[in-house]
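So the structure is just underneath, and the comments pick up after that.
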Amino acid sequence: MASQRAAAVRRRIDSLTAELNHHNRLYYSLDQPEISDAEYDRMLRELQDLERAAPELARPDSPLRHVGAPPAEGFASVKHRVPMRSLDNAMNTEELVAFDERIRRALGIEPALTYMGEPKLDGAGLELVYRSGELAIGSTRGDGTTGEDVTANLRHNHGIPFVLDASRQPVPEGVSVRGEIALPTAGFERLNARRLEQGLELFANPRNAAAGALRQRHDIDRDRLRALEFRAYAIDEGLPRDAETQADVLLTLSNWGFITSEASRVCEGIEAVVAYHEHMLAVRGEQTIEIDGTVIKVDQLALQAELGELSRSPRWAIAVKFPPQQETTTVTGIEIQVGRTGALTPVAKLKPVHVGGVTVANASLHNQDEIERKDVRVGDTVIVQRAGDVIPQIVTVVKSKRPKRTRKFKFPSKCPVCNDAAVRLEDEVVTRCPNIDCPAQLKNNLRHLASRGALDVEGLGEKIIDQLVDLGLVGRLSDLFRIEAEQLAGLDRMGEKSAANLVANLDQARRTTLARFLIALGIRHVGEGVAKIIARHFGDLEPLTCATREDLETVEGIGPTIAESITCFFADERNREEVARLREFGATWPVNAPAKPILGPLSGKTFVLTGTLEGIRRPLAKKQLEALGATVTGTVSKKTDYLIAGAEPGSKLAKAEKLGVEVLDGDGFSALLAESESADS
Ligand code: IVH
């Protein structure tokens with residue numbers, strides 16, 4: 001019986017060891033955790049209890065005997081003179097009280113002990129070595145014994161002193177400082193917003209963004225390195241002789257020019273420690289850097305030395321974790337939400353789970369690229385995370401727990417609200433519903449139509465618009481022009497007089513200009529400037545609705561993105577119909593003669609410019625060609641007659657060659673200009 005139980009314990013220890021080592025590698029070497037911190041801690045706890053009860057069954061590669069992971073390839077190794085240890089964890093107040101009792105027993109001290117309470121920063125451990133006051137080597141924790149030399153990357157961060165400040169306190173010849181490098185929440189949000197715009201993969205959390213920033217080897221993102229903050233908390237070499245406490249250590253670090261956590265507090269006795277921890281938990285959301293708990297350290301350095309260290313962690317300190325902001329749950333569905341501006345956003349429906357004090361049942365998957373990259377499927381087990389007040393995120397899919405027969409999510413080609421064909425413009429990450437009458441966007445579009453730059457309808461504010469739509473009086477944009485004073489008079493806060501005024505204002509707004517009408521349609525990328533350019537060029541709406549992308553690109557100031565957006569808008573049958581209705585109900589504008597094409601020796605010829613042309617900038621080259629009657633567009637197509645290719649031409653050259661378009665280099669271009677100019681005179 002007993003041996004059977006021992007065999008079961010051994011099996012469990014073996015499997016926990018293997019699993020924890022696997023997750024250590026994902027977390028420390030690859031910055032790609034697959035399980036939540038909470039789950040990792042639970043497993044580590046279990047292993048700790050088993051090993052404590054049966055030390056003889058502990059394996060030599062037990063994760064309790066070492067921390068982190070060996071250094072990644074591509075970085076020089078740095079051997080830490082003193083190992084960089086981890087911390088033991090207390091999960092709750094009772095365990096914290098037990099820690100205090102254990103320590104006082106070991107020291108034989110009856111009365112209350114003094115502790116230093118510090119925030120536990122959720123970043124990456126770092127060692128900085130200084131020689132003669134100058135930064136010599138910065139290294140990551142690695143496996144605790146050997147780390148990676150990341151000095152070059154650290155030099156981009158101005159919060160790390162290159163030279164220690166000796167004006168307040170002398171600086172010894174050799175100094176080794178330890179601390180945590182982390183990405184402040186504001187920087188994390190800013191970098192992720194930029195990545196979302198650029199269609200790049202989002203950082204799962206500030207810790208991974210920080211650890212990844214340090215490990216950059218090519219195309220160094222300096223902005224990301226600059227955004228990091230290093231907070232110092234220990235001196236491993238060069239400790240001043242008169243330093244007696246951890247409080248002295250923090251003061252010295254600050255004197256030398258390091259940032260230290262302002263929220264650190266001296267706590268007299270364990271009750272004060274518990275109060276400190278609870279206080280930090282309450283103000284957790286107000287911190288500029290994510291903290292995942294507090295670290296409680298015996299304040300007297302002499303007592304620390306007396307207590308000593310275990311192989312993995314010191315006896316004189318303990319980390320008290322906050323409830324996790326990360327949890328594991330399953331995806332029960334994936335829905336597409338349509339935003340006010342028509343953006344189609346995939347949202348994961350989750351089996352509700354408690355994360356950091358709130359129940360999370362939805363997580364945004366941002367856009368098509370993001371959902372494809374993460375490959376989130378219905379039925380998947382995922383790690384969800386809340387960071388600050390940010391909407392919950394799916395950090396990763398636990399692929400090992402994926403059930404059989406799941407299906408890859410297929411991004412819809414239609415708007416789920418109005419069924420119109422969704423559009424994703426070439427250079428954008430967001431897929432949108434282009435239908436101006438889409439119910440999801442109607443209120444927003446009405447507000448835009450009434451705004452000052454568009455039709456400028458006085459008296460048509462948000463509250464009125466909401467009522468008009470909610471009461472079913474307006475179901476599409478053009479319904480606005482059919483509204484009668486009696487209908488308006490029934491609305492909240494609308495008397496007979498103001499109803500009559502609004503009808504009169506609408507009547508006036510109908511008589512507008514082509515540019516204003518175009519703005520009112522809310523076509524993506526068509527603001528005031530662009531609307532004026534196209535109104536001037538086309539003179540009226542018909543020629544614009546028939547224009548091709550190439551036609552539009554010939555217009556000065558209209559690039560491929562705008563051209564694509566406009567043609568997509570008018571290609572949509574519902575939009576064409578709605579524009580016709582708006583006109584039927586009275587939208588009018590003065591028609592102008594379209595801008596005349598210039599006649600010249602290059603009339604009828606279409607050019608595309610690419611790469612750097614020697615001696616002439618592209619806008620000037622374009623002007624010269626146009627003065628000779630040529631049309632210059634931004635994209636190579638079958639209709640292109642010539643591609644003028646300078647240095648580093650990019651993809652346009654390949655496309656031109658594929659289509660058999662004639663390609664001229666800088667000299668060929670000059671010759672052509674000279675020839676045409678002489679023909680012109
Ligand atoms: S002291 C030998 N103080 O948490 C003890 N560590 O989970 C060294 N950490 O490895 C650690 N904030 O990277 C200490 N105020 C703080 C900390 C802190 C974050 C990190 C550190 C450590 C890990 C343990």
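The values are calculated or read from the model by the stated rules, or taken from the named source; none is laboratory data. These numbers were taken from a predicted model, which means no experiment stands behind them. Here Cβ is always computed from backbone atoms with ideal geometry, including for glycine, and neighbour counts include all displayed protein chains. These area figures cover heavy atoms from the full protein model, side chains too; ligands, DNA and RNA do not enter into them. Shrake-Rupley method; radii C 1.70, N 1.55, O 1.52, S 1.80 Å.
Give the residues of the range 477-498 that are among the polar types (S, T, N, Q) and either touching a residue at least 40 places away in the same chain (Cβ under 8 Å) or closer than 23 Å to Phe517 by Cβ (or both), sorted by residue number. Outline the logic, then answer.
First, the residues of the range 477-498 that are among the polar types (S, T, N, Q): 478, 487, 498.
Matches in the range 477-498: Ser478 only.
Criterion first (within 12 Å of the ligand (Cβ to nearest atom) and over 33 Å from the mean Cα position of the chain (by Cα)) does Arg315 satisfy it?
yes
Any chance the range 173-188 includes a residue that's open to solvent by 10 Å² or more (accessible area, probe 1.4 Å), within 16 Å of the ligand (Cβ to nearest atom), among the acidic types (Asp, Glu) and not in a strand (DSSP E or B)?
No, there is no match, as no residue in the range 173-188 is open to solvent by 10 Å² or more (accessible area, probe 1.4 Å), within 16 Å of the ligand (Cβ to nearest atom), among the acidic types (Asp, Glu) and not in a strand (DSSP E or B).
Restricting to the range 372-410, count the residues that are in a loop (DSSP other than H, G, I, E, B), at pLDDT 90 or above and touching a Pro at 6+ places or on another chain (Cβ under 7 Å).
Of the range 372-410, the ones in a loop (DSSP other than H, G, I, E, B) are 375-380, 386-392, 398, 402-410.
With the extra rule that they be at pLDDT 90 or above, the set shrinks to 375-380, 398, 402-410.
Of the ones still in play, those that are also touching a Pro at 6+ places or on another chain (Cβ under 7 Å) are 379.
The qualifying residues number 1.
Answer yes or no as to whether Arg452 is closer than 16 Å to Ile519 by Cβ and among the basic types (Lys, Arg).
So Arg452 fits the description; yes.
Does Ala193 satisfy the criteria of being aliphatic (A, V, I, L, M), more than 30 Å from Lys79 (Cβ to Cβ), away from the ligand (no atom under 16 Å from the Cβ) and open to solvent by less than 60 Å² (accessible area, probe 1.4 Å)?
Yes; evaluated as a whole, the condition is true for this residue.
For the range 335-360, which residues satisfy the criterion of being under 30 Å from Met280 (Cα atoms) and open to solvent by less than 40 Å² (accessible area, probe 1.4 Å)?
Result: Leu350, Val353, Val355, Gly356, Val360.
Considering only the range 265-294, state which residues are modelled with pLDDT of 95 or more, buried (at least 20 other Cβ atoms within 10 Å of the Cβ) and touching an Asp or Glu at 6+ places or on another chain (Cβ under 7 Å).
Result: Ile270, Thr294.
Being on the phi < 0 side of the Ramachandran plot and either without any contact (Cβ under 8 Å) to a residue 24 or more places away in the chain or buried (at least 18 other Cβ atoms within 10 Å of the Cβ) (or both) narrows it down to one of Lys399, Lys404, so name that one.
After ruling out the rest, the residue left standing is Lys404.
This table checks each residue for (1) within 16 Å of the ligand (Cβ to nearest atom); (2) touching a residue at least 40 places away in the same chain (Cβ under 8 Å); (3) in contact with a Gly (Cβ under 9 Å, 6 or more places away or on another chain); (4) in a helix (DSSP H, G or I).
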site: Ala211; (1), (2), (3), (4): yes, yes, yes, yes
site: Asp219; (1), (2), (3), (4): no, no, no, no
site: Phe230; (1), (2), (3), (4): yes, yes, yes, no
site: Ala234; (1), (2), (3), (4): yes, yes, yes, no
site: Leu251; (1), (2), (3), (4): yes, no, no, yes
site: Cys267; (1), (2), (3), (4): yes, yes, yes, no
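Being more than 25 Å from Tyr28 (Cβ to Cβ) and open to solvent by 20 Å² or more (accessible area, probe 1.4 Å) is the filter here, so list the residues in the range 196-215 that pass it.
Leu196, Glu197, Gln198, listed by residue number.
List pairs: first residue in the range 67-84 and under 22 Å from Pro314 (Cβ atoms), second residue among the polar types (S, T, N, Q) and at pLDDT 60 or above anywhere in the structure, Cβ distance under 6 angstrom, at least six positions apart or on different chains.
Every condition considered, the pairs that remain are Val67/Ser86; Ala69/Asn24; Ala69/Ser29; Val78/Ser139; Lys79/Thr146; Pro83/Thr145.
Given (1) free of Cβ contacts under 8 Å to residues at least 24 places away in the same chain; (2) in contact with a Lys or Arg (Cβ under 6 Å, 6 or more places away or on another chain); (3) open to solvent by 40 Å² or more (accessible area, probe 1.4 Å), where does Thr567 come up short, assuming only one miss?
Among (1) free of Cβ contacts under 8 Å to residues at least 24 places away in the same chain; (2) in contact with a Lys or Arg (Cβ under 6 Å, 6 or more places away or on another chain); (3) open to solvent by 40 Å² or more (accessible area, probe 1.4 Å), Thr567 violates only (3).
Conditions first: (1) open to solvent by less than 30 Å² (accessible area, probe 1.4 Å); (2) within 13 Å of the ligand (Cβ to nearest atom); (3) at negative phi. Lys321 passes all but one, so which condition is the exception?
Among (1) open to solvent by less than 30 Å² (accessible area, probe 1.4 Å); (2) within 13 Å of the ligand (Cβ to nearest atom); (3) at negative phi, the lone unmet condition for Lys321 is (1).
Residue-wise test of (1) more than 40 Å from the chain's Cα centre (by Cα); (2) among the hydrophobic types (A, V, I, L, M, F, W, C); (3) within 12 Å of the ligand (Cβ to nearest atom); (4) not in a loop (DSSP other than H, G, I, E, B).
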| site | (1), (2), (3), (4) |
| --- | --- |
| Val78 | no, yes, no, yes |
| Val82 | no, yes, yes, no |
| Glu95 | no, no, no, yes |
| Phe99 | no, yes, no, yes |
| Glu118 | no, no, yes, yes |
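Taking Leu310, is it within 11 Å of the ligand (Cβ to nearest atom), over 36 Å from the mean Cα position of the chain (by Cα) and open to solvent by 20 Å² or more (accessible area, probe 1.4 Å)?
Criteria met by Leu310.
Go through the range 290-368 and tell me which strands (runs of 3 or more DSSP E), entirely inside it, have 1 or more residues that are within 30 Å of Leu250 (Cα to Cα).
Output list reads 291-298, 317-321.
Which of (1) in contact (Cβ under 8 Å) with a residue 60 or more places away in the chain; (2) open to solvent by less than 30 Å² (accessible area, probe 1.4 Å); (3) touching a helix residue (DSSP H, G or I) at 6+ places or on another chain (Cβ under 7 Å) is the odd one out, the single condition Arg549 does not satisfy?
Unmet condition: (2).
For residues that are over 22 Å from the mean Cα position of the chain (by Cα) and open to solvent by 20 Å² or more (accessible area, probe 1.4 Å), scanning just the range 324-334, find the one that is nearest to the ligand (Cβ to nearest atom).
For the range 324-334, the residue satisfying everything is Thr330.
Would you pick out the residues in the range 623-642 that are out of contact with any Asp or Glu (no Cβ under 7 Å at 6 or more places or on another chain) and not in a loop (DSSP other than H, G, I, E, B)?
Lys623, Gln624, Leu625, Glu626, Ala627, Thr631, listed by residue number.
When you go through (1) over 33 Å from the mean Cα position of the chain (by Cα); (2) crowded, with 19+ Cβ neighbours inside 10 Å; (3) away from the ligand (no atom under 12 Å from the Cβ) one by one for Phe258, which number turns out not to apply?
Failing condition for Phe258: (1).
Looking at the range 417-430 only, could you name the residues that are surrounded by 21 or more Cβ atoms within 10 Å (Cβ to Cβ) and over 20 Å from Arg194 (Cβ atoms)?
Ala422, Val423
With the requirement that a residue be away from the ligand (no atom under 16 Å from the Cβ) and either aromatic (Phe, Trp, Tyr) or open to solvent by 40 Å² or more (accessible area, probe 1.4 Å) (or both), what does the range 137-153 give you?
Answer for the range 137-153, where residues must be away from the ligand (no atom under 16 Å from the Cβ) and either aromatic (Phe, Trp, Tyr) or open to solvent by 40 Å² or more (accessible area, probe 1.4 Å) (or both): Ile137, Asp149, Ala152.
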